[in-house]
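Let me begin by presenting the structure, written as structure tokens, before commenting on it.
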Amino acid sequence: MEARDYPTPPPSRHAGSRLVTKGPNLVRAVSAIRGAVATNGAKIRRQDLSFTVAAPASGVPCTSGSFVQTHVTMVYRSGHNLYADLGLGTGAASVMEARLTVPDLGLTGAAVTTAAGGADQDARVMIALPDAWAIGSAHRVYVEARRVSGSDATTVRVLAAWQR
């Protein structure tokens, strides 16, 4: 047998290999951690919600000067924020406000005000979910609205709602 010089194969690159082709690199490790955090943050998927009329006797018209509950839904928390797109019907000189509330937890979102104009106006309301609302637990969420000014007929409709 002849002694031949065989080229040595490159070191293995699998995770358990004792031969490492690249030395440790702090920047690469931090970049990998940032990538993992971004990937996990993007895994929170949108969950659509449906609302129903909160008080069938009063219906959806909203002519009160103070906030009244117009729609309600039961939300099992799986995200960080709740959103709702509302269709607010205002008369020619009426202005409306709407917001989301969770009375069980004492949460009230910021109110969104429409412009006067006499047509259906779209508005997006949002409420941030606190850590006190555990993932998977359910609470009732209400859409509250009021007529700020004017005397025209004003109405509220939930066009879309979701949590993310």
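Data table
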{"read-out": "Cα centroid of the range 78-106 to Cα centroid of the range 122-138, whole Å", "value": "13 Å"}
{"read-out": "³J(HN,Hα) computed for each position of the range 94-103 - Karplus, 6.51 cos²θ - 1.76 cosθ + 1.60, integer Hz, glycine/proline x", "value": "9, 10, 10, 10, 9, 7, 9, 9, 10, x"}
{"read-out": "R0 of 25 Å, Cβ-Cβ distance Ala110-Tyr76: FRET efficiency to nearest 0.05", "value": "0.60"}
{"read-out": "Heavy-atom accessible area order for Leu86, Leu105, Leu26, largest first, 1.4 Å probe", "value": "Leu26, Leu105, Leu86"}
{"read-out": "Gain in span if fully extended, Arg28 to Trp162, counting 0.36 nm per residue against the direct Cα distance", "value": "44.6 nm"}
{"read-out": "Heavy-atom accessible area ranking, 1.4 Å probe, most first, across His139, His80", "value": "His80, His139"}
{"read-out": "Rh by Kirkwood over Cα pairs, then Stokes-Einstein D for the range 62-162 at 1.567 mPa s and 4 °C, µm²/s", "value": "94 µm²/s"}
{"read-out": "Amide H contacts under 5 Å for Ser64, placed H, 5+ residues apart", "value": "Arg147"}
{"read-out": "Whole-Hz couplings from phi, Karplus 6.51/-1.76/1.60, listed for the range 121-129; x for Gly and Pro", "value": "10, 8, 9, 10, 10, 9, 9, 7, 8"}
{"read-out": "FRET efficiency estimate (nearest 0.05) - Cβ-Cβ, Thr39 to Ala132, R0 25 angstrom", "value": "0.35"}
{"read-out": "Ranked by how many other beta carbons lie within 10 Å on average, peptides 29-40, 68-79 from highest", "value": "68-79, 29-40"}
{"read-out": "Cut-off under 5 Å, modelled amide H: who pairs with Ala160 long-range", "value": "Asp85"}
{"read-out": "Interchain or long-range residues, amide H under 5 Å from Gly89's placed H", "value": "Gln121, Thr155, Val156, Arg157"}
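The values are calculated or read from the model by the stated rules, or taken from the named source; none is laboratory data. These figures come from a predicted structure and were not determined experimentally. Please note: Cβ atoms are built from the backbone with ideal geometry, for glycine as well, and neighbour counts cover all protein chains shown. With ligands, DNA and RNA removed, areas are computed over all heavy atoms of the protein, side chains included. Shrake-Rupley method; radii C 1.70, N 1.55, O 1.52, S 1.80 Å.
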